[in-house]
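The values are calculated or read from the model by the stated rules, or taken from the named source; none is laboratory data. Note that the coordinates shown come from a computational prediction; the quantities given were computed from them, not determined experimentally. Don't worry about glycine lacking a Cβ; one is built from the backbone with ideal geometry, like all the others, and counts go over all protein chains shown. With ligands, DNA and RNA removed, areas are computed over all heavy atoms of the protein, side chains included. Shrake-Rupley method; radii C 1.70, N 1.55, O 1.52, S 1.80 Å.
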Amino acid sequence: MPMMWVMGALAVVNAVGQVSSANAAKSAGKDAQRESEYEAAQDRVNAGQAMAAAQRDALEEDRQGELQRSRMIAIMAAQGGGSADIGNQQLLSNQAGDTAYRRAIALYKGSDTARSLNMRAAASVRTGQAQRRAGNSRAQAGMFQAAGSAFSAGTSLYSNYGGGLDSQNG
């Protein structure tokens with residue numbers, strides 16, 4: 001009879017261990033999702049900062065372009081020509097186009113960086129969700145395993161120690 005209690009206690013300890021392992025798997029999945037969501041939030045913040053930096057760069061390109069234009073007009077005036085001269089108008093027009101081009105490139109770089117960071121954030125969120133689902137699946141499997149082990153131990157104990165009682169008493 002004492003062996004029956006030892007076997008029963010071992011079955012309970014095994015089932016408790018499997019339930020504990022299942023809960024740990026579920027908790028690990030939740031933690032992984034939280035970590036992924038934190039990374040995604042950081043990526044979104046960095047994306048916003050990349051856009052802000054690009055806008056500052058674009059404004060700086062505008063400022064530099066305006067300084068260059070002003071210098072060109074001053075040089076034209078010093079040489080006795082005016083900004084109404086066709087050749088000078090062409091130079092000023094080309095300079096304005098170059099400034100607009102540099103401004104557009106600055107904005108594109110920031111936009112591209114922000115897009116990449118936002119895509120990475122979305123991927124982090126999806127990864128976290130997948131890790132949480134995987135943790136839940138491992139937890140569910142652990143619970144079924146614990147139930148199966150407990151049932152198996154119970155039937156083994158019954159067949160070894162309890163199955164013959166009715167026939168002996170009958």
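State the number of residues belonging to region 89-147 that are free of Cβ contacts under 8 Å to residues at least 40 places away in the same chain and closer than 30 Å to Val12 by Cα. The qualifying residues number 2.
Only one residue in Ala104, Ala40 is farther than 30 Å from Arg138 by Cβ and within 35 Å of the chain's Cα centre (by Cα), so which one is that? First the steps, then the outcome.
Working: Ala40 fails: farther than 30 Å from Arg138 by Cβ.
The match here is Ala104.
Look through Ala150, Ala114, Ala106, Ala141 and report the one residue that is modelled with pLDDT under 90, in a helix (DSSP H, G or I) and buried (at least 16 other Cβ atoms within 10 Å of the Cβ). Reasoning before the result, please.
On the way: Ala114 fails: modelled with pLDDT under 90; Ala106 fails: modelled with pLDDT under 90; Ala141 fails: buried (at least 16 other Cβ atoms within 10 Å of the Cβ).
None of the others qualify; the one that does is Ala150.
One residue stands out among those in region 74-99 that are of a type in the set (A, V, I, L, M, F, W, C) and surrounded by 14 or more Cβ atoms within 10 Å (Cβ to Cβ): the one that is nearest to Ala47 (Cα to Cα), which is Ala96.
Could we say that Glu66 is at pLDDT 90 or above, within 34 Å of the chain's Cα centre (by Cα) and among the acidic types (Asp, Glu) here? Judged against the criteria, Glu66 is not a match. Taken over region 49-73, the criterion of being small (Gly, Ala, Ser) and open to solvent by 60 Å² or more (accessible area, probe 1.4 Å) is satisfied by Ser70 alone.
Please verify whether Gly48 is modelled with pLDDT of 80 or more, closer than 30 Å to Phe151 by Cα, part of a helix (DSSP H, G or I) and under 28 Å from the mean Cα position of the chain (by Cα), treating the condition exactly as stated.
On the way: modelled with pLDDT of 80 or more: yes; closer than 30 Å to Phe151 by Cα: no; part of a helix (DSSP H, G or I): yes; under 28 Å from the mean Cα position of the chain (by Cα): yes.
It is false that Gly48 is modelled with pLDDT of 80 or more, closer than 30 Å to Phe151 by Cα, part of a helix (DSSP H, G or I) and under 28 Å from the mean Cα position of the chain (by Cα).
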